[in-house]
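Derivation of every value follows stated rules applied to the coordinates shown; laboratory data play no part. Since we're looking at a predicted model, the values are computed, not measured. Cβ atoms come from the backbone with ideal geometry, glycine included; neighbour counts cover every protein chain shown.
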Amino acid sequence: EKCVNVVGAGLAGSEAAWQLAKRGIKVRLYEMRPKKNTPAHHTGNFAELVCTNSLRANQLTNGAGLLKEEMRQLDSLIMKAADENSVPAGGALAVDRDAFSGEITKTLHENENITVIEEELKELPQGLTVIATGPLTSDSLADSIKEFMGDEGLYFYDAAAPIVEKASLDMDKVYLKSRYDRGDAAYLNCPMTEEEFENFYNELINAETAELHAFENERFFEGCMPIEQMASRGKKTMLFGPLKPVGLEDPRTGKEPYAVVQLRQDNAVGDLYNIVGFQTHLKWGEQKRVFSMIPGLENAQFVRYGVMHRNTYLRSPEFLKDTYQTKKRSDLLFAGQMTGVEGYVESAASGLYAGINAARLIEDKDPLVFPVETMMGAMAHYITHASAKNFQPINANFGIVPRLSQKIRDKRERNLALSKRALDILDKYKLENEL
Ligand code: FAD
């Protein structure tokens, strides 16, 4: 019987398996957790979110928002689970991480077309296969991929932010508010005076970091740069980043503090909060010492410290086609962070794309190349056409889609027009290709 292998049940692999199974195609879904864990995952759940619980912007004025809408139009399992398990986060889509990944795990386990195999796959398999083993692909499989590609893989480090218990916060100092009061008040804010900021900054840049392995060169995932690294770029840098106070007046004084550290709800119950933008490479003891200087966090209970990990991705411009097939083997597809798309939703979107194409290939149909006006199409085009030499992973953004024929000055209006164009084109494309 015809069957597709999907390797890795993360954000990309879960979506790819879903897209195949819902088209009536049999799937063998390989996942090594919980038997063998990665350095960043904590559960045996599919589509576990390893860092923040935010899937970023949800509006059509933003590239990540458009990508989400395109995925909804294509019956994405990841988007369905995200929408159903969202928690308040202003204009962003954040989720209860356990409920989100729990729903995806259950749906895939219960699907009669999917056989879950709880095993580490150590070598590239024969037959139609989607590899979606992510930035923390196990070593043996990474070696097998390297051998097949005939080139060195690329590695760099990522960082994850600490999570604290709400009950341990000093609520006399902390206040609830979203920036500019947009959406429901969703963040807990820790205000700092100039003096508090100075002290914090000085301790942060001098704190002790965990060791980096010699073979890794220090290149960071820009959206997830360690806070101490950002601080080391200049005293004011954090004030324009995660510690930006604008739109966050303290309701008790009516004034904007000198700096504000924001905490974002991390689970549906609302008893856990993550420190926004505080991915870090500091040693755990140092995290407790330095982050406890933040007003309100003096006695904070840390349920998880920030950590840093390897990120593995292919030189896609050299090795991949814009169908997510490899150039060397047309029945081998890659999806997710490994292809050089960056982020939870981007990874899931590439899984959706590769899943649709694997379904077409097994039925002897030509694989699809989504229109470049759509965010999904633009990302596939970008990772396969960028310069291979300095290839860097990318987030969904409007910089990679073709310009509009008419000029629109206002950025919001322009982005909305780009989104409208993308969704109109996708509508037609869906009809033409019976998606
Ligand atoms: P994953 O979700 O990691 O899924 C890969 C799956 O494959 C895993 O379940 C793994 O167990 C399994 N696997 C690996 N090797 C094998 C094997 N040989 N056999 C069988 N199974 C295997 N993105 C964001 O948008 N926001 C963030 O805050 C963010 N923070 C990150 C922090 C860290 C520490 C890391 C590493 C990445 C972060 N990313 C973040 C980037 C990226 O979005 C996520 O890593 C995302 O999970 C990638 O999706 P994926 O499907 O490609 O990989």
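The figures follow:
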| item | result |
| --- | --- |
| Built amide H within the under 5 Å cut-off of VAL4, gap 5+ | LYS26, VAL27, ARG28 |
| Length added when fully stretched, ASN199-ASP366, from 0.36 nm per residue minus Cα-Cα | 54.0 nm |
| Mean Cβ neighbour count within 10 Å, used as a protection proxy, ranking 93-101, 140-148 highest first | 93-101, 140-148 |
| Cα-based Rg / Dmax (Å) for region 230-310 | 13.8, 44 |
| Residues of region 117-148 with amide N under 16 Å of the 7 Å Cα→Cβ point at ALA388 | 146-148 |
| Backbone N under 20 Å from the LYS244 label point (7 Å along Cα→Cβ), restricted to region 278-302 | 278-280 |
| Vicinal HN-Hα couplings computed from phi for region 377-383 (Karplus, 6.51 cos²θ - 1.76 cosθ + 1.60; Hz; Gly/Pro x) | x, 5, 5, 4, 5, 4, 5 |
| Choice from LYS407, LYS166, LYS389 with maximal GNM fluctuation in the chain (Cα, 10 Å cutoff) | LYS407 |
| Within a Gaussian network of the chain (alpha carbon springs, distance under 10 Å), most fluctuating of GLY254, GLY355, GLY127 | GLY254 |
| Phi-based couplings in Hz for region 98-108 (Karplus 6.51, -1.76, 1.60; Gly and Pro marked x) | 6, 5, 4, 6, x, 5, 5, 4, 5, 4, 6 |
| Geometric extent, Cα atoms of the chain - Rg, Dmax (angstrom) | 21.8, 69 |
| Karplus-derived HN-Hα couplings along region 276-284 (A = 6.51, B = -1.76, C = 1.60, θ = phi - 60°), whole Hz, x at Gly and Pro | 5, x, 9, 4, 7, 10, 5, 4, 4 |
